[in-house]
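The values are calculated or read from the model by the stated rules, or taken from the named source; none is laboratory data. Bear in mind the structure is a predicted one, so any value in this text is a computation, not a measurement. In this analysis, Cβ positions are derived from the backbone assuming ideal geometry, glycine residues included, and neighbour counts consider all displayed protein chains.
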Amino acid sequence: MNHPDPSAPIYAELIREQGDVPGDARRTAEEVLRDLSRVIQMPPAGLGAHQAGLPVPMR
């Protein structure tokens with residue numbers, strides 16, 4: 001869970017009431033990316049598929 005900023009009491013209260021929704025979404029997205037990387041070969045960040053030597057679908 002993200003630790004609320006003491007200067008943002010409204011945010012701290014929302015986290016107490018609703019949970020850390022942005023943090024949960026970030027962790028879920030990271031988990032999905034890890035799972036996908038086991039199945040799909042992804043080019044390194046900033047490189048296109050053709051630059052990374054991966055097949056490029058025909059349009």
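Here are the numbers:
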read-out: Residue identified as surrounded by 11 or more Cβ atoms within 10 Å (Cβ to Cβ) and either among the aromatic types (Phe, Trp, Tyr) or modelled with pLDDT under 65 (or both) among 52, 8; value: 52
read-out: Residue selected from segment 36-49 under the condition surrounded by 10 or more Cβ atoms within 10 Å (Cβ to Cβ) and in a helix (DSSP H, G or I), by the criterion modelled with the lowest pLDDT; value: 37
